[in-house]
Amino acid sequence: MAVQTDNYAIARIDLPAAGTHGWQVRLQRRGVKHAKYFSDRSYGGAKRAFTVARDWRDRLLTRLEDGEAVRVCRRSPRNSSGVVGVAKVTVVAPNGNEYQFWQAAWSPEPGKRRCVKFSVKRYGDEAAFELAVKARETGAGLR
């Protein structure tokens, strides 16, 4: 993740009545909150405290991004196809008929999701799977 501004996820805390002056870093990823306070007094002034807070934030973001890359690239134990982003889907129509597809899903850019399905009835199980794998690789820009 590219940091948009110098003070992304960093807030100034000034509470003179409590004698509190410093910088607060707060981030949340996947429901986990990360926070740390950097006191002006502990770091020799507001400028130095901000620099330390920003460095801590940057290291945290790098660590979180590395964890995301590992999480995204690993095959889930729930994945029975053996290919990340490819799954066999069964749909039951209102009339009770079952339809099976091999589905490829990918994210072409942050916040966007694309998927395409290939009918087992139309292509056969093996061909539908191969088409889904190819669509995933091509659509996700892996080839």
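Placing one equal scatterer on every Cα of region 10-73 and applying the Debye formula, the log10 ratio I(q)/I(0) at q = 0.13, 0.20, 0.21, 0.23 Å⁻¹ is -0.41, -0.76, -0.81, -0.90. Close amide-amide hydrogen proximity is noted between G85 and no other residue 5 or more places distant or on a separate chain, at a cut-off under 5 Å (H modeled in the peptide plane; Pro and chain starts excluded).
Counting only other residues whose beta carbon sits under 14 Å from that of Y123, what net charge do I get with K and R as +1, D and E as -1? Walk me through the numbers on the way to the answer.
Numbers: positive: K88, K117, K121, R122, K134; negative: D125, E126, E130.
Net charge around Y123: +2.
In a simple Cβ point-charge model (Lys, Arg +1; Asp, Glu -1; nothing else charged), region 10-73 has a dipole of about 100 debye relative to its Cα centre.
Using θ = phi - 60° in the Karplus curve 6.51 cos²θ - 1.76 cosθ + 1.60, the 3J(HN,Hα) couplings for region 52-62 round to 5, 4, 5, 4, 5, 4, 5, 5, 4, 4, 4 Hz; x is entered for Gly and Pro.
In the set [x] 0.94; [y] 1.25; [z] 0.96, the label that goes with Rg/Rh (Cα atoms, Kirkwood Rh) computed for this structure is [y]. When the Cα positions of L61, P110, G85 are compared along the charge dipole of the chain, L61 comes out farthest toward the positive end, with charges on each C-beta of Lys, Arg, Asp and Glu.
Between the residues G19, F129, N7, the greatest Cα displacement towards the positive end of the dipole of the chain, with unit charges on the Cβ of Lys, Arg, Asp and Glu, is found for G19.
Principal-axis analysis of the Cα atoms of the chain puts helix 125-139 at an angle of about 30° to the longest axis.
Considering only alpha-carbon pairs that sit under 8 angstrom and 6 or more positions apart, the relative contact order computed for the chain is 12 percent.
We did not get these values from a lab; they are worked out from the coordinates using the rules stated. Keep in mind it's a predicted model, so treat the numbers as computed, not measured. Ideal geometry is used to build each Cβ from the backbone, glycine not excepted, and the neighbour counts take in all protein chains shown.
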